[in-house]
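Worksheet: the structure to be examined is printed underneath.
The values are calculated or read from the model by the stated rules, or taken from the named source; none is laboratory data. Note that the structure is a prediction, hence the values are computed from the model and not measured. Cβ: placed from backbone, ideal geometry, glycine included. Neighbour counts: every protein chain shown. Heavy atoms of the whole protein, side chains included, go into the accessibility calculation; ligands, DNA and RNA do not. Shrake-Rupley method; radii C 1.70, N 1.55, O 1.52, S 1.80 Å.
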Amino acid sequence: MNTISAKIDTRKYRTEITSKSGNIVISDEPQEIGGKNLGFSPFELLAASLASCTLITLRMYIDRKAWDVSDLSIWVDFEKNEDHAVSLFTTKIQISGNVDEAQKQRILKIAHSCPVHKTLINTIQIETSIV
């Protein structure tokens, strides 16, 4: 995977995130906690990663099967229960096109196989160092 870099200066809490390929995303915190709401919050970025990966995975599969699906939409809600250390992603997928019930069930199964979904449901380890 390409390394992601991020930089923050004295502007609370605007963070510029850059990919190795040169794409830039701004992350920030809402005004009510001191940010200026200039971009996605870190948890919104996490939910956005799941949403985009799911839709890309579904589009690849649907195109390969040549199914009659024009549009896919997804809504992702994220809740974190600090007391129980439980995180819950709730996703809802809308399909525009001609699909039967068997195809819908297959789409649901494929949605659970996107790489970000698989990463989030497995054990995650983070190694941090100061350079």
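So is ASP71 more than 30 Å from LYS7 (Cβ to Cβ), in a strand (DSSP E or B), of a type in the set (D, E, K, R) and in contact (Cβ under 8 Å) with a residue 12 or more places away in the chain or not? Yes; evaluated as a whole, the condition is true for this residue. Scan the stretch 49-68 for residues that are more than 28 Å from ILE4 (Cβ to Cβ) and of a type outside the set (Val, Ile, Thr) and the total you get is 5.
Residue by residue, here is whether (1) charged (D, E, K, R); (2) in contact with a Phe, Trp or Tyr (Cβ under 6 Å, 6 or more places away or on another chain); (3) on the phi < 0 side of the Ramachandran plot holds:
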position: SER27; (1), (2), (3): no, yes, yes
position: PRO30; (1), (2), (3): no, no, yes
position: GLY34; (1), (2), (3): no, no, no
position: SER41; (1), (2), (3): no, no, yes
position: LEU46; (1), (2), (3): no, no, yes
position: TRP67; (1), (2), (3): no, no, yes
position: HIS84; (1), (2), (3): no, no, yes
position: ALA111; (1), (2), (3): no, no, yes
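Among residues that are among the aliphatic types (A, V, I, L, M), touching a helix residue (DSSP H, G or I) at 6+ places or on another chain (Cβ under 6 Å) and open to solvent by less than 80 Å² (accessible area, probe 1.4 Å), ILE95 is not included.
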